[in-house]
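The values are calculated or read from the model by the stated rules, or taken from the named source; none is laboratory data. Keep in mind that what you see is a predicted model, and the values were worked out from it rather than measured. So basically every Cβ, Gly included, is an ideal-geometry build from the backbone, and we count neighbours across all protein chains shown. Keep in mind that these areas ignore ligands, DNA and RNA; they rest on the heavy atoms of the full protein, side chains included. Shrake-Rupley method; radii C 1.70, N 1.55, O 1.52, S 1.80 Å.
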Amino acid sequence: MKITLEIQRFDPEKDAAPHMASYQVEVEPTDLVLDALHEVLWHQDGTLAFRRSCGHGVCGSDAMEINGVNRLACKVLVKNLGSKITVRPLRGLKVLRDLIVDMESFFNKYKGMKPWLITQGEEPVKERLQSPKERAVFDDTTKCILCAACTTSCPSFWANDEYVGPAAIVAAHRYIFDSRDEGAKVRLDILNDKEGVWRCRTTFNCSEACPRGIEVTKAIAEVKNAILAGRPNLPVA
Ligand code: FES
C-alpha cells in the first residue's frame, strides 16, 4: 500500500523554524511506522534524523507524536493509521533535529528522584526479603522504559517545563513503595515541592500515552496520598 508520510523536519544549521515535509512511501500493511521512517531514511532522504534502537518496544528511544498521539514508532502498525500519517517530535522538549528532542532535562528529573534503593545501617549478610504481596504494590511502575511519552503528553508539563512530570513520579513511585527501601521521606519531600506532584491536574493523558500500559495517573495519586499521610501506605507482608 502507498501512504503519505508527513514528517516535521528541522535542521538547526539551515532552518529558522521546523516545517513539514511530505513523502510517498510504499509499505506493507503489517509494517510499523518505524519501517516507514526507515524507508524514507534509506531510500529517499538520508538526512532524516530520528532515534531508535531495539525496534521492539523495549528501549523507549523512538517515542514521537504520531497522528497527534504519543506512541513508539516501533509499536504502531501503519494499517491502523490510514493512508496519511503525520509524525512530529515529542512536544515540550527542545527539538535538536527532525524527530530528535533534547532529553537532558527529562533524565535530570529522573535522576532527581534518586532511582535506586536507599537503605540505612549495616549491609545484610543475605538478601533483603520481600513477599509477593509487597512486590505487587509497585509492580506496575517497574515497567517504565523512560520513553518520555507520558511527560510530553501532559498539559501541565507543556505549560511549565520545571514540573518534574509523570515519568519522574513513576520512577519515584517504584522506590517509595518498595518495602526494602528507606528513602521514601526524601523522595516525598522532593515531590511535595511546587514543581512536584501537585502540578498534576489528573488529565489522564499520561496513562493514555504510556506504551507499557502503566496506570501513571493512579501512581501519581498514590504518591499524593502518601505525602498527605506522611508516609507510603505499604501492605503488611
Ligand atoms: S526502538 Fe526501542 S522502543 Fe522502539
- Query: strands (runs of 3 or more DSSP E) wholly in segment 1-110 with at least 1 residues that are within 16 Å of the ligand (Cβ to nearest atom) and surrounded by 13 or more Cβ atoms within 10 Å (Cβ to Cβ) - which ones?
  - Reply: 63-66, 69-72, 84-88
- Message: I'd like to know if segment 149-166 contains one or more residues that are on the phi > 0 side of the Ramachandran plot, within 15 Å of the chain's Cα centre (by Cα) and away from the ligand (no atom under 16 Å from the Cβ).
- Response: yes
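Rundown of residues vs (1) closer than 17 Å to Phe106 by Cα; (2) in contact (Cβ under 8 Å) with a residue 24 or more places away in the chain, yes/no style:
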{"position": "Asp161", "(1), (2)": "yes, yes"}
{"position": "Val164", "(1), (2)": "yes, yes"}
{"position": "Ala171", "(1), (2)": "yes, yes"}
{"position": "Ser179", "(1), (2)": "no, yes"}
{"position": "Lys185", "(1), (2)": "no, yes"}
{"position": "Leu188", "(1), (2)": "no, yes"}
{"position": "Ala219", "(1), (2)": "no, yes"}
{"position": "Lys224", "(1), (2)": "no, yes"}
{"position": "Ala229", "(1), (2)": "no, no"}
- Task: Say whether the condition of being farther than 27 Å from Ala63 by Cα, in a loop (DSSP other than H, G, I, E, B) and not polar (S, T, N, Q) is met by at least one residue in segment 192-208.
- Result: yes
- Quick one: in segment 113-143, which of the residues that are of a type in the set (Asp, Glu) and under 30 Å from the mean Cα position of the chain (by Cα) is surrounded by the fewest Cβ atoms within 10 Å (Cβ to Cβ)? Asp139
- In the list Phe177, Phe157, which residue meets the criterion of being under 23 Å from Ser61 (Cα atoms), hydrophobic (A, V, I, L, M, F, W, C) and open to solvent by less than 30 Å² (accessible area, probe 1.4 Å)? Phe157
- Item | segment 201-233, subset open to solvent by less than 20 Å² (accessible area, probe 1.4 Å) and within 22 Å of the chain's Cα centre (by Cα), residue farthest from Glu122 (Cα to Cα) | Ala209
- Query: surrounded by fewer than 24 Cβ atoms within 10 Å (Cβ to Cβ) and assigned to a loop (DSSP other than H, G, I, E, B) - does that describe any residue in segment 164-171?
  - Reply: no
